[in-house]
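The values are calculated or read from the model by the stated rules, or taken from the named source; none is laboratory data. This structure is a prediction, so every number in the text was calculated from the model and none was measured. As a convention, Cβ positions derive from the backbone with ideal geometry for all residues, glycine included, and neighbour counts pool all protein chains shown.
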Amino acid sequence: MAPAKDIVDVNSVSVGNDGPLLVMDLAITTMPPLRSLLVDLTLSTKDEFPPLAAVTSARVIAINFPVFSDGRGFTIARRLRTSAGFTGTIVATGHIIPDQADYLFRCGFTVAEIKPDQQAYWQAARRFITARFQHMPGSPRSRPKPL
């Protein structure tokens, strides 16, 4: 677990290790103005699941995907929402791609930290990717199956 850090405001772009980053709300397909998010707890996919006390005291938790092929961040987010009952903001950071936008949202992520030049792809993915390869029965965050 890493110390708290600032996540960028969508109105002001900051430069990280991978270049400028924006925060995109995964629940909608447009980019509304968001406040800067102060992250209370940062997790990596290599970390143990945090103690319940750390989860309940946090308002914003960031989960970093160090490499694209590491899907443990999805499980961490899902466990935070179901087992720990976390209702705050969960931020996806690191190596994530637009094709994962719907699944990030369905697993419990609230926002994703993305590069500005990828914004249109992420918005399109939230609108147009409707096929689901992994059904999550009873998930309140799942969208209805397309007809």
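The table for this structure:
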read-out: Enumeration of residues in region 51-66 that are within 17 Å of the chain's Cα centre (by Cα) and in a loop (DSSP other than H, G, I, E, B); value: ALA58, ARG59, PRO66
read-out: Number of the condition not met by ALA120 [criteria: (1) at pLDDT 90 or above; (2) more than 11 Å from the chain's Cα centre (by Cα); (3) among the aliphatic types (A, V, I, L, M)]; value: (1)
read-out: Region 41-52 residues that are in contact (Cβ under 8 Å) with a residue 24 or more places away in the chain, paired with ones that are of a type in the set (Lys, Arg) (beta carbon under 7 Å, 6 or more apart); value: THR42/LYS5; THR45/ARG72; PHE49/ARG79
read-out: LEU80 being at pLDDT 90 or above, part of a helix (DSSP H, G or I) and of a type outside the set (S, T, N, Q); value: yes
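Here's the yes/no breakdown for (1) surrounded by fewer than 18 Cβ atoms within 10 Å (Cβ to Cβ); (2) over 20 Å from ARG126 (Cα atoms):
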site: GLY73; (1), (2): no, no
site: ALA77; (1), (2): no, no
site: THR82; (1), (2): yes, yes
site: ILE90; (1), (2): no, no
site: GLY94; (1), (2): no, no
site: ASP99; (1), (2): yes, no
site: LEU104; (1), (2): no, no
site: GLY108; (1), (2): no, no
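To keep it simple, each residue is scored yes or no on (1) hydrophobic (A, V, I, L, M, F, W, C); (2) more than 17 Å from THR110 (Cβ to Cβ).
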| position | (1), (2) |
| --- | --- |
| THR45 | no, yes |
| ASN64 | no, no |
| SER69 | no, yes |
| LEU80 | yes, no |
